[in-house]
Amino acid sequence: MIEAKKISVFRKEHFNAAHRLYNADWTDEKNNEVFGLCNNPNYHGHNYELIVQLIGHINPETGYVVDLKILSNWIQEEIISKFDHKNLNLDVPEFKNLNPTVENIAVVVYEKLRKVIPTNIDLKIKLYETERNFVEFPAY
């Protein structure tokens, strides 16, 4: 029998979304200086890759930490259906007053998923904005 240690399971999904990085309290000049091309008033898009990591104990009855089909459903319902092919600034209420940087998107994704994932399972998000730029939350 395997000793009861925690194990990680992962689910990878993707979504496409547009955004504009912009601080309404700043001048156009300062926004351009800080955000550059990402401040395009006509927005720009990314093909985001989302990796959801769940950390927990294997259930001896099922052999799962969580059924990955159920995890896929949670991600579809909470994230993909609300973010995919959307303008994050205009279409996603969480970003009405929050700059949709990859950091902020990862935190929002985490908070939305944390509400549906059982509390005995730890959650970590890795979000790729580009092939070279990505974040992890929480950072532990």
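The values are calculated or read from the model by the stated rules, or taken from the named source; none is laboratory data. These numbers were taken from a predicted model, which means no experiment stands behind them. We place every Cβ from the backbone using ideal geometry, glycine too, and count neighbours over all the protein chains shown.
Going through (1) hydroxyl-bearing (Ser, Thr, Tyr); (2) touching a helix residue (DSSP H, G or I) at 6+ places or on another chain (Cβ under 9 Å); (3) within 20 Å of LYS124 (Cα to Cα) one by one, SER8 falls short only on (2). Exactly one residue among ILE70, ILE55, ILE105 is out of contact with any Asp or Glu (no Cβ under 7 Å at 6 or more places or on another chain) and closer than 25 Å to ALA4 by Cβ, and that residue is ILE70.
Being under 25 Å from LYS115 (Cβ atoms) and either of a type in the set (Phe, Trp, Tyr) or out of contact with any Gly (no Cβ under 8 Å at 6 or more places or on another chain) (or both) is not true of PHE35.
Annotation note: Cβ proximity below 9 Å between a residue of segment 77-100 that is on the phi > 0 side of the Ramachandran plot and a residue that is buried (at least 18 other Cβ atoms within 10 Å of the Cβ) and among the aliphatic types (A, V, I, L, M) (sequence gap 6+ or interchain) occurs for HIS85/ALA17; HIS85/ALA18. When the criteria are applied in full, LEU98 fails the requirement of being over 30 Å from ASP25 (Cβ atoms) and either modelled with pLDDT of 95 or more or assigned to a loop (DSSP other than H, G, I, E, B) (or both).
For segment 50-79, which positions are part of a helix (DSSP H, G or I) and surrounded by fewer than 17 Cβ atoms within 10 Å (Cβ to Cβ)? Within segment 50-79, LEU68, LYS69, ILE70, SER72, ASN73, GLN76, GLU77 meet the criteria.
Reported count of residues in segment 92-129, each being touching a strand residue (DSSP E or B) at 6+ places or on another chain (Cβ under 9 Å), surrounded by 15 or more Cβ atoms within 10 Å (Cβ to Cβ) and more than 16 Å from GLY56 (Cα to Cα), is 15. The residue list PHE83, PHE137 contains one member that is of a type in the set (A, V, I, L, M, F, W, C) and closer than 19 Å to ARG20 by Cα, which is PHE83.
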